[in-house]
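The values are calculated or read from the model by the stated rules, or taken from the named source; none is laboratory data. Please read all numbers here as calculations on a predicted model, not as lab measurements. Note that we place each Cβ from the backbone using ideal geometry, even for glycine, and neighbour counts take in every protein chain shown.
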Amino acid sequence: MKIYVCVKQVPDSAASIRIRGENRIHEDLTFVMNPCDEHALTEAVVISETFKGCETIAVCLGRPRARETLMSAMAMGANRSILIESETDHDSITTARALKKAIDLDGTPDLIFTGKEAMDTGGMQTMFRLAALYRMPVVTNAVDVRVDGKEVLVTSEAEQGVRCTWKMKLPCVVSAGKGLNSPGYPTLRQIMTARKKKMEIIAFGDLDLEKPMGGATLLKLEPWVEKREATWLQGASSEIADQLVTILHHRAKVI
Amino acid sequence: MKRAAVFIEQGNNRPNHGDFGMISYLRQLGCQLYAFVLNQTSTGWEKKLADYGLNRVVTLSFGGAPRPKTPELKAQAVARAMETMGIPILFALATLPGKELLARVAAELEAPLLMDCTAVDLKAKTATTSLYSGKTQAVIQVEGNHLVFGIRPHCHKPIKQPLALETEQLRLPPLPGGRMELVASQAGILPHMDLNEAEVILSGGRGLENGDNFDILRQCAKELNAGVGASRVAVDKGWVPYAMQIGQTGLKVSPVVYIACGISGSVQHFAGMKTAKIIIAVNKDPDAAIVKKSDYFTTNDLFEVIPLLTQALKTFRKNRE
Ligand SMILES: Cc1cc2nc3c(=O)[nH]c(=O)nc-3n(C[C@H](O)[C@H](O)[C@H](O)COP(=O)(O)OP(=O)(O)OC[C@H]3O[C@@H](n4cnc5c(N)ncnc54)[C@H](O)[C@@H]3O)c2cc1C
Ligand SMILES: Nc1ncnc2c1ncn2[C@@H]1O[C@H](COP(=O)(O)O)[C@@H](O)[C@H]1O
């Protein structure tokens, strides 16, 4: 059995984003593994430990610096990894095509894990695109995954905490939500072992992807400006309550 | 006039509050708006939406085969309907179910999808959305035979402009068998208003001190018809379920009013609510980050202010009756 886990390298959540030119960001930032992808990887490793001869392979489309992210993926338990190296960003249509091509060159997936959303430019769609390309079923925002022979039971969380359990046949795609597990920090020994694991590097151009049916281009990026002017509501709490009612009624018009 | 499809998710057999504003906005873009209906029984919501600019309701049928129930089959139905009718554009509200449906349709058609748009320009084929957890605003251009857009809830005002609603039946061939089967479902842990839909959200953080104290927010929320959210600290401490978490690793919401109680306003929390129209902070600390980034704030104790607000809302309602 082969489990492929798609992991993306993204700027650290605390990083302040500075814009360069029309549509790029300064990349002198701390980059980390996309948080949801940590859950995806952790789950894949747990599952692969219960199946003899099962292999977990982390796949990433990213800059050369994404080697670090794949190194952490291997420290967290992936057996090996594949980096599709590219100096530019790609939309999710091309990302899904590139991930599929790289996986196809490597082997036949029984299970593909992704995160439910890339924290930086994520559009919550790569998993659906991968599934469509593979003609596989897909469930998103998984909080529980059970592999049972040729079937998988995936519980996903919808709005308001509603949970649905879906049955799918392998092979399929599962996107991991935050409630799935709690990723741990790798130990020093795991980090050392990771260095001996194999990381394959493929140049994006060498994948020779067909032109997709559509695409998205980032034209312009601007910092988000807070246009708020904070007004201090002062007085006794009962006066403040009355002022709030006035704001909710007159300005917000919600009551 | 260009035709565009809108998908109206009807969670509780009615459209989302945000659909009215979305329809009003899309009408200004100069397109004919077609809503696809997947369920048999109409609840009369179509007429209400026509008051805001919906042109036509297209009821889909599948040659006697059962109606699609799973997100997979719903998306296939919408994609087939778009192809059959030659409608190149799809919009829906970017709520959780909306996002999933749009992404599945976009994948099916290999169409670009821009999520959580605040503005769309169909001539230039561009849309405005935010990237990097709301730290930047982006203009993105799309190309393709089909284009899909998720519209951020509550960012456009509903404007009445009644139209005579047309209706149409569209017969599609039966859909192929689904590949995901629902084997169990569990009711939501949140009996309250869906946070994606709520016009007003009251959120609690570490300042609430324990899970029971969230009742103070719930009582106030009842008067306001509001949803109740939380910071990650409140979730991590086990006071409230994760489904209530707002922020970078939780829900991203855009209510008209966001009332943050005992929340310091970390970057990560802001990533989930910075697009609220009006932010009100109830925080004892005048130096808390949320204070500077709010529209209104009070430094009085939340345990005083919120119960009094609940009272004041009750009085307000009585005086109006
Ligand atoms: C990768 C990552 C992802 C994260 N994702 C999220 C996320 O999705 N959502 C999120 O919320 N956080 C997230 N965080 C955590 C975030 O950094 C903050 O730690 C968290 O938001 C703080 O929660 P808080 O505001 O409730 O608590 P605190 O920061 O402790 O603030 C409590 C506030 O309550 C005020 N207060 C206390 N008592 C009262 C009272 N009686 N009346 C009035 N005010 C009072 C205090 O003055 C203080 O400002 C994330 C962090 C990381 C690293
Ligand atoms: N460049 C990438 N490399 C590897 N995996 C990716 C990449 N982009 C997206 N993914 C995967 O797809 C998931 C959803 O991404 P998105 O659709 O961008 O929100 C992520 O959590 C990753 O698992």
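State yes or no: is B:Ala289 crowded, with 24+ Cβ neighbours inside 10 Å and away from ligand 2 (no atom under 16 Å from the Cβ)? In short, no. Please state which of the following conditions B:His154 fails to meet, knowing it meets all the rest: (1) at positive phi; (2) outside any loop (DSSP other than H, G, I, E, B). Every listed condition holds for B:His154 apart from (2).
Any chance region A:40-49 includes a residue that's hydroxyl-bearing (Ser, Thr, Tyr) and either within 12 Å of ligand 2 (Cβ to nearest atom) or closer than 21 Å to B:Val267 by Cα (or both)? No, region A:40-49 contains no residue that is hydroxyl-bearing (Ser, Thr, Tyr) and either within 12 Å of ligand 2 (Cβ to nearest atom) or closer than 21 Å to B:Val267 by Cα (or both). For region A:162-176, a tally of residues being in a loop (DSSP other than H, G, I, E, B) and surrounded by fewer than 21 Cβ atoms within 10 Å (Cβ to Cβ) returns 2. Within region A:223-237, being more than 43 Å from the chain's Cα centre (by Cα) and surrounded by 14 or more Cβ atoms within 10 Å (Cβ to Cβ) holds for one residue alone: A:Ser237. A:Ser156 fulfils the conditions (1) within 13 Å of ligand 2 (Cβ to nearest atom); (2) within 14 Å of chain B (Cβ to nearest Cβ); (3) among the small types (Gly, Ala, Ser) except for a single criterion, (1). Is it the case, given these coordinates, that B:Ala164 is within 16 Å of ligand 1 (Cβ to nearest atom), among the aliphatic types (A, V, I, L, M) and modelled with pLDDT under 95? No; evaluated as a whole, the condition is false for this residue. Can you give me the number of residues within region B:85-123 that are modelled with pLDDT of 95 or more, facing chain A (nearest Cβ under 10 Å) and out of contact with any strand residue (DSSP E or B) (no Cβ under 7 Å at 6 or more places or on another chain)? Selection size over region B:85-123: 4. Inside region B:183-208, can you point out the residues that are without any contact (Cβ under 8 Å) to a residue 40 or more places away in the chain and either within 13 Å of ligand 1 (Cβ to nearest atom) or more than 21 Å from the chain's Cα centre (by Cα) (or both)? Correct list: B:Val183, B:Ala184, B:Ser185, B:Gln186. For region A:141-157, the set of residues classified as without any contact (Cβ under 8 Å) to a residue 24 or more places away in the chain and farther than 17 Å from A:Gly115 by Cβ consists of A:Arg146, A:Asp148, A:Gly149, A:Lys150, A:Glu151, A:Leu153, listed by residue number. Taking the conditions (1) within 9 Å of another protein chain (Cβ to nearest Cβ); (2) closer than 12 Å to A:Arg228 by Cβ; (3) within 12 Å of ligand 1 (Cβ to nearest atom) in turn, B:Ile259 satisfies each one other than (2). Scanning region B:271-310 for residues that are facing chain A (nearest Cβ under 7 Å) and in a helix (DSSP H, G or I) turns up B:Val291, B:Lys292, B:Glu304, B:Val305, B:Leu308, B:Leu309. Take the residues in region A:158-181 that are in contact (Cβ under 8 Å) with a residue 24 or more places away in the chain and of a type in the set (S, T, N, Q); name whichever of them is farthest from A:Lys116 (Cα to Cα). My answer is A:Asn181. Restricting B:Arg206, B:Arg179 to those that are surrounded by fewer than 17 Cβ atoms within 10 Å (Cβ to Cβ) and either within 16 Å of ligand 2 (Cβ to nearest atom) or not small (Gly, Ala, Ser) (or both) reduces the list to B:Arg206. Residue check: A:Thr42 meets all listed conditions (1) within 16 Å of ligand 1 (Cβ to nearest atom); (2) within 14 Å of another protein chain (Cβ to nearest Cβ); (3) not in a strand (DSSP E or B) but one, namely (2). Could you tell me whether region A:185-206 includes any residue that is within 7 Å of chain B (Cβ to nearest Cβ) and not aliphatic (A, V, I, L, M)? Looking for residues that are within 7 Å of chain B (Cβ to nearest Cβ) and not aliphatic (A, V, I, L, M), one finds none in region A:185-206, hence no. Just to verify a result, which residue in region A:12-23, among those that are within 11 Å of chain B (Cβ to nearest Cβ) and more than 11 Å from ligand 1 (Cβ to nearest atom), is farthest from B:Ile140 (Cα to Cα)? Once the filter is applied, the top-ranked residue is A:Ser16.
Here's the yes/no breakdown for (1) facing chain B (nearest Cβ under 7 Å); (2) of a type in the set (Ser, Thr, Tyr):
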position: A:Glu210; (1), (2): no, no
position: A:Gly214; (1), (2): yes, no
position: A:Lys220; (1), (2): yes, no
position: A:Lys227; (1), (2): no, no
position: A:Leu233; (1), (2): yes, no
position: A:Ser238; (1), (2): yes, yes
position: A:Val245; (1), (2): yes, no
position: A:Ile255; (1), (2): yes, no
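Figure legend. Inter-residue proximity from region A:12-38: first residues more than 19 Å from B:His269 (Cα to Cα), second residues hydroxyl-bearing (Ser, Thr, Tyr), beta-carbon distance below 6 Å, spacing 6+ or different chains. Indicated pairs: A:Met33/A:Thr69; A:Met33/A:Ser72.
For region A:1-28, the candidate set comprises residues that are of a type outside the set (Val, Ile, Thr), part of a loop (DSSP other than H, G, I, E, B) and within 16 Å of ligand 2 (Cβ to nearest atom); within that set, the residue that is modelled with the highest pLDDT is A:Lys8.
With respect to the conditions (1) surrounded by 23 or more Cβ atoms within 10 Å (Cβ to Cβ); (2) at pLDDT below 95, B:Ala127 falls short on a single one, namely (2). Filter region A:68-77 down to the residues that are touching an Asp or Glu at 6+ places or on another chain (Cβ under 9 Å) and either within 12 Å of ligand 2 (Cβ to nearest atom) or on the phi < 0 side of the Ramachandran plot (or both) and list them by number. Selection gives A:Thr69, A:Ser72, A:Ala73, A:Met76.
The criterion of at least 2 residues that are of a type outside the set (S, T, N, Q) and within 30 Å of A:Met136 (Cα to Cα) is met by the following strands (runs of 3 or more DSSP E) wholly inside region B:159-265: B:166-171, B:181-186. Being within 11 Å of chain A (Cβ to nearest Cβ), away from ligand 2 (no atom under 16 Å from the Cβ), touching a residue at least 12 places away in the same chain (Cβ under 8 Å) and surrounded by fewer than 19 Cβ atoms within 10 Å (Cβ to Cβ) is a description that applies to B:Asn225.
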